[in-house]
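The structure under discussion appears below in the form of structure tokens.
Since every read-out is calculated from the coordinates, none of them should be taken as a lab result. Everything numeric here is computed off the predicted structure, so don't read it as measured data. Here the Cβ is made from the backbone with ideal geometry for all residues, glycine too, and neighbour counts use every protein chain on show.
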Amino acid sequence: MSTLKTITDPFIAANGSDLLDAPPTMGHALWTAPAGRRRRPQPRGTDTVAVLYENREWMEPLFAAMDHRGVRYEGIDLADSAYVLGEHDDYPLVINRVSPSAHLRGHGSAIPLVRGWLEMLERAGKRVINGATSFRLETSKVAQYQLIRDLGLPLPATVVFNDRTAVRTLLDGFPFPAILKPETGGSGANVRFVSSRKALEHLLDTEDGLFGPDHVLLLQQFVSSGDGSILRTEFVDGELLFAMRVRPNNTFNLCPAEGCVRPSAGLDTDGEPDVIFEYEPDIPPEAVAQAREIVRAARIDVGGVEYIETPAGDRYFYDINSTSVYRADMVAASGVDASDKLVQFIERESRKEQRKLW
Ligand SMILES: Nc1ncnc2c1ncn2[C@@H]1O[C@H](COP(=O)(O)OP(=O)(O)O)[C@@H](O)[C@H]1O
Ligand SMILES: [Mg+2]
């Protein structure tokens, strides 16, 4: 006998049920998605790991390294994807590689899609590499800066706003020059340099589309390193793989991937937007320890942080990244095969999860 109760909706009872083919029931919870929806049914105990991404191009080194080590994986492109709430494929491990700059490739909707998906997976007890907490940090500068402050590290003065008039009430005494950046960062998109209060007010008065896709902007004190360089560290499972010194010229897009298109920052410097990446073998142990602590607190399994060191020796962390793309020249210079390190970590985590199933 069916345990389902047919419940007539009071609205439909009052308005007639002829709008519907069949009376509404509470049976929806028992709906089963069509088998064809599944990407590839995974038998229980499978060792195939799932990789969520939105930019296939950036996946090539990881997939090549997984092929090389014989790690089985299923790539899932979130640029156009669907999942059933409450259903889980039996992957032992899920790896999230969605980038906050997805909107630059027309894949912005991958961000809210994966956010919910990661939460669902973790609520069900799935192990996700770079899971919901790290993704929340990755897509919120405000969350990043709160974490940096909580760790007792210094932060440049920062004002958060969603309105051109509201921000003016907080500008008295603000230490210009400054950087204007969106709450959801990524590849320096919509980052602007503002030399003075006057320059900011001009921008606020004249610039259409100042607010990026997320509508919240941060005005942040500009920190000068003297030579314009910044440092970027890369970690896997708490281990520093390498650090690089990045020298931007006329751009804020420091995306390390080969082939990244760099819009000009509109600065008064000569030349085309360009970035020089140098292997930096000598970052101070204190900087490594601080960067590692940030990555750990952000629950980032794979990623790193950016910081600027002033000529006086003060260090300011200003960006937390969990979408690492390893440059071939850094791998060569450091002698660390970063993609292979990542795959070894994936293998370790996958094995741990598979053991739990026995
Ligand atoms: N407070 C700052 N002082 C000086 N330069 C900054 C500051 N914040 C950001 N920048 C510059 O802008 C670039 C992009 O900013 P970032 O916060 O890293 O955004 P994204 O998440 O888009 O990479 C940085 O790599 C750096 O060159
Ligand atoms: Mg950055």
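State the three equivalent ellipsoid semi-axes of region 53-113, derived from the C-alpha gyration tensor as the square roots of 5 times its eigenvalues, in descending order and whole Å. Write out the running numbers ahead of the final one.
Details: eigenvalues 87, 63, 11 Å².
In descending order the semi-axes read 21, 18, 7 Å.
Once the chain from Glu122 to Ala328 is taken as fully extended at 0.36 nm per residue, the excess over their C-alpha distance is 70.8 nm. Taken over the alpha carbons of the chain as equal point scatterers, the Debye sum produces base-10 log I(q)/I(0) values at 0.14, 0.16 Å⁻¹ of -1.18, -1.46. In region 224-345, Cα pairs under 8 Å separated by at least six residues give a relative contact order of 30 percent.
Does anyone have the angle between helix 338-356 and the longest principal axis of the chain? Alpha-carbon axes, 0 to 90°, nearest 10? Computed tilt is about 30 degrees. Label zone (Tyr279, point 7 Å along Cα-to-C-beta; backbone nitrogen cut-off 16 Å) within region 326-357: 326-341. For the chain, DSSP calls about 75 percent of its internal beta bridges antiparallel. Look at the dipole of the chain built from charges on Cβ: of Leu171, Val302, Ala33, the Cα furthest out on the positive end belongs to Ala33.
Per DSSP helix of 4 or more residues, -39500 (n - 2.57); summed, then divided by the residues of the chain. What does that give at 222 nm, rounded to the nearest 500? Write down the numbers at each step before the final one.
Numbers: 10 runs with 101 residues, N = 358.
My calculation for the chain gives -8500 deg cm²/dmol from helical runs alone.
Defining a contact as two alpha carbons under 8 Å apart and six or more residues distant in sequence, what relative contact order in percent does the chain show? If you can, show how the numbers build up before the last one.
Values: 598 pairs, mean separation 57.2, N = 358.
The value is 16 percent.
Could you state the angle between the C-alpha long axis of helix 60-69 and the longest principal axis of the C-alpha atoms of the chain, as a value from 0 to 90 degrees rounded to the nearest 10? In the chain, helix 60-69 runs at an angle near 70 degrees to the longest axis. Under the simplified labelling scheme, the His215-His88 pair shows an inter-label distance of 3.4 nm, with each label point 7 Å from Cα along Cα→Cβ. Based on the Kirkwood approach, the hydrodynamic radius assigned to region 105-208 is 16.2 Å, with every pair of different Cα atoms included.
To the nearest 0.05, what FRET efficiency results for Asp314 and Glu60 with a Förster distance of 35 Å applied to their C-beta separation? Walk me through the numbers before you get to the answer.
Numbers: r = 39 Å, r/R0 = 1.10.
Efficiency for this residue pair is about 0.35.
From the square roots a ≥ b ≥ c of the eigenvalues of the alpha-carbon gyration tensor of region 81-157, which class results: rounded (a/c under 1.5), prolate (a/b over b/c), or oblate? Oblate shape, in that a/c is at least 1.5 and b/c is the bigger or equal ratio.
Computed extension length for Lys352-His202: 48.4 nm, one decimal, from 0.36 nm per residue of separation with the Cα-Cα distance subtracted.
Which of Ala132, Ala289, Ala189 moves most in a GNM of the chain, Cα contacts under 10 Å? Looking only at Ala132, Ala289, Ala189, the biggest GNM fluctuation is shown by Ala289.
Where does each of 217-229, 317-329, 146-158 land if you order them by average Cβ count within 10 Å, highest first?
On the way: 217-229: 16.2, 317-329: 21.8, 146-158: 14.4.
Output ranking for 217-229, 317-329, 146-158: 317-329, 217-229, 146-158.
In the distance distribution for region 224-345, Cα-Cα pairs more than 21 Å apart total 38 percent.
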